Every structure is written in structure tokens, then in C-alpha cells.
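Notes to accompany the following structure.
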Amino acid sequence: MNPIEASELIVNNRGAVYHLNLRPEELANTVITVGDPGRVKEVSKYFDHIEVKQEHREFITHTGYIGKKRISVVSTGIGPDNIDIVINELDALVNVDFNSRLVKNQLTSLHIFRLGTSGSLQDDIPVDGLVAGTHGIGLDNLLHFYQTQNTSEEAQLLHTFISQTNINQPFSAPYIAAASPLLLSHFDKPFHRGITVTCPGFYAPQGRMVRLPLAKPDLVDLLQQFKYEEHRIANFEMETSAIYGLGKLAGHECLSLNVIVANRIRKQFSADAAAAVENLLSTSLEIIEKI
């Protein structure tokens with residue numbers, strides 16, 4: 001195996017991976033990702049002790065402890081393109097020797113939790129409710145740049161999704177990846193469960209029209225009506241499928257946990273989104289600490 005070239009994995013002059021500005025010893029094996037850089041401190045305020053604070057661009061990381069549990073919280077910014085950066089660099093931090101630039105013989109599997117906001121696509125999943133995504137279906141094109149192989153369940157779900165919604169070309173062909181069964185098993189009530197759809201934008205890609213006309217004005221209805229066996233689409237946002245897809249390829253355990261700030265079926269928005277996010281953080285961290 002040849003060393004990874006300097007142009008392919010960029011390490012800065014303090015020995016840190018380029019975008020995240022983290023050295024391997026500064027990352028915990030349990031990682032929480034948040035989209036909003038300002039939300040990092042809202043997570044780390046629950047830490048008993050913070051040992052690392054690093055940042056570069058929109059990527060802010062705090063690493064510390066809740067009890068005996070070492071946790072890193074990393075901001076990703078918005079969208080699958082940023083997730084491509086974050087997951088690849090998190091993986092490099094634990095699975096590449098930065099001195100030799102060789103992949104390690106003994107690989108590490110991270111526990112990666114997304115804590116984010118999303119919109120509900122079901123009438124019975126209310127504003128301020130919590131959702132644990134069983135699968136991520138991507139309407140972006142990120143995972144098509146990687147060699148992937150679906151399980152039979154994922155393949156059948158994806159085939160049924162395309163058949164029922166007719167979402168394919170000229171849109172990017174959808175892709176699918178499942179959550180970690182290991183992590184998902186810890187999140188029952190008060191979390192709703194369902195498929196999380198990931199969109200490459202906030203307005204038209206999520207069926208919103210302000211002034212510009214929509215190519216698919218029935219998108220929300222198509223997603224809301226999708227059914228396959230016990231599966232339905234619970235919510236949509238802009239990161240989950242990329243985390244699930246890349247995490248699975250790299251051998252990490254990933255789970256997306258979202259609070260509902262908008263119900264797109266009821267046309268409602270949270271009266272106190274900050275309090276709803278706080279509930280997601282405190283509820284999730286109490287469980288994550290014990291895993």
C-alpha cells in the first residue's frame with residue numbers, strides 16, 4: 001500500500017487535518033455532529049470538562065467528558081457537501097497514521113450521532129417532536145461518487161421509493177443507507193422512528209416556493225404518501241443520508257436524531273425552536289452518555 005499523497009489528505013503545519021483543524025488525539029471515539037457552529041457550545045455546556053477547542057471556517061470542535069464518557073462535538077455547516085468533508089476527515093483522524101500517511105492495520109469504528117433540526121412529513125409527528133432516522137434517502141448526488149453496495153432491504157426500499165414517487169432523472173438518482181442498528185436500539189420513546197430524506201437545498205428541494213417556480217410542486221405530498229411494509233418517511237433535512245452512506249462505507253456506526261421545528265403537512269412552525277433544540281440535546285446526551 002502506498003502512502004496517501006499530500007494533495008489527497010491535507011495535513012496542516014500543526015499536524016492537524018486541514019478542514020477540521022484537528023489532530024488525532026483531539027478527537028473522541030464518540031462524535032456528535034451539529035450543523036450550526038453556534039450549537040457546539042450548546043452541547044459542550046453539558047460536558048463536565050472540556051479539554052479541546054479547535055475551529056477552522058465553519059468547523060468548530062469541542063472535546064470533553066460527560067462523566068467518564070469522552071465525546072467530541074463537531075459543527076458541519078449545512079448540506080451533504082460539508083458532510084463529505086467531515087466524515088472523511090473524522091475517518092482519517094482515527095484510521096490513517098499521519099506520520100507514515102498509511103492506512104492503519106487496526107481500524108477504529110466511531111459512534112457518530114447527528115443532532116439536528118428537520119421538518120415533519122407526517123401529521124402525527126408534531127412540531128417539537130423527536131425523530132430517530134431508521135434510514136436516510138438522499139436526493140442529492142453525493143454518494144454516487146463512491147463505490148457502494150446496498151443490502152437487499154435497502155435495495156427494495158429504494159426501488160419502491162423511486163416507483164412510488166417517480167423521483168429520479170432529471171433529479172439526481174436517489175440513494176439509501178440504513179442507520180446503525182446498534183445505536184438505533186437505544187432510542188425508543190420519546191423518539192418517533194421513520195425514514196429521513198436528505199435534500200440538497202432548503203427551498204425548492206424541500207418543496208418550498210417563495211418566488212421561483214417549482215419543478216416538482218407535489219414533492220411534499222409524494223414523500224408523505226410513501227409506504228413500504230412498516231416503513232414511511234418521517235422527516236427531511238439536509239445531512240442524514242450523507243452521514244449514513246459515508247459512515248457505512250468507512251465502517252462507522254451512525255445515527256441521526258432530529259427535532260421537528262416545522263410540520264410541513266400541518267403548515268406549522270415551532271413556537272420556541274430554541275427550547276425544542278435544547279430538549280433534543282439534553283434527551284439525546286443522557287442516552288449517549290450510557291452507550
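Packing here is the average count of other Cβ atoms within 10 Å per residue, and on that basis the peptides 100-113, 240-253, highest first, run 240-253, 100-113.
Normalised by the number of residues in the chain, the average gap of Cα pairs under 8 Å and 6 or more apart makes the relative contact order 23 percent.
Taking the C-alpha atoms only, the angle from helix 240-250 to the longest principal axis of the chain is near 40 degrees.
Between LYS68 and ILE265, what is 0.36 nm times their sequence separation minus the Cα-Cα distance? Round to one decimal in nm. If you can, show how the numbers build up before the last one.
Working: separation 197, 0.36 × 197 = 70.92 nm, distance 4.22 nm.
66.7 nm is the gain from fully extending LYS68 to ILE265.
Taking each residue as 0.36 nm, the span from LEU107 to PHE145 lengthens on full extension beyond its C-alpha to C-alpha distance by 11.4 nm.
Semi-axes, largest first, in whole Å: what does sqrt of 5 times each Cα gyration tensor eigenvalue give for segment 65-140?
Values: eigenvalues 193, 57, 25 Å².
With the √(5λ) rule applied to segment 65-140, the semi-axes are 31, 17, 11 Å.
Using a Debye calculation, one point per C-alpha and no hydration shell, please list log10 I(q)/I(0) for the chain at q = 0.16 Å⁻¹ in order. Here log10 of I(q) over I(0) equals -1.29.
Report, for the chain, the % of DSSP beta bridges that are antiparallel, rounded to 5.
Numbers: 30 of 61 bridges.
Bridges in the chain that DSSP calls antiparallel: roughly 50 percent.
Based on Cα contacts under 8 Å between residues 6+ apart, segment 170-291 shows a relative contact order of 29 percent. Relative protection proxy for 88-95, 13-20, from highest mean packing down: 88-95, 13-20 (other beta-carbon atoms within 10 angstrom). Can you give the net charge of the other residues whose Cβ lies under 13 Å from the Cβ of GLU8, counting K and R as +1 and D and E as -1? Net charge in that neighbourhood comes out at -1.
Residues of the chain: accessible area per residue at 1.4 Å, in Å²?
Values: 13400 Å² over 291 residues.
Result: 46 Å² per residue.
For segment 1-101, the alpha carbon convex hull comes to 97 Å³ per residue, rounded to a whole number. For segment 151-291, the fraction of 1.4 Å probe accessible surface lying on carbon and sulfur atoms is 55 percent.
Show me 209-215, 272-278, 130-136, 179-185 ranked by packing, highest mean number of other Cβ atoms within 10 Å first. If you can, show how the numbers build up before the last one.
Details: 209-215: 8.6, 272-278: 14.7, 130-136: 25.4, 179-185: 16.7.
The peptides rank, most packed first, as 130-136, 179-185, 272-278, 209-215.
The portion of the accessible surface of segment 80-148 made up by carbon and sulfur, rounded to a whole percent, is 46 (1.4 Å probe; DNA, RNA and ligands excluded).
Histogrammed with a bin width of 10 Å, the alpha carbon distances of segment 20-169 distribute as 9, 32, 34, 20, 5, 0 percent, first bin at zero.
The values are calculated or read from the model by the stated rules, or taken from the named source; none is laboratory data. Every value quoted in this text rests on a predicted model; they were computed, and no experiment measured them. Because the Cβ atoms are built from the backbone with ideal geometry, glycine has one as well, and the counts that use them run over all protein chains shown. These area figures cover heavy atoms from the full protein model, side chains too; ligands, DNA and RNA do not enter into them. Shrake-Rupley method; radii C 1.70, N 1.55, O 1.52, S 1.80 Å.
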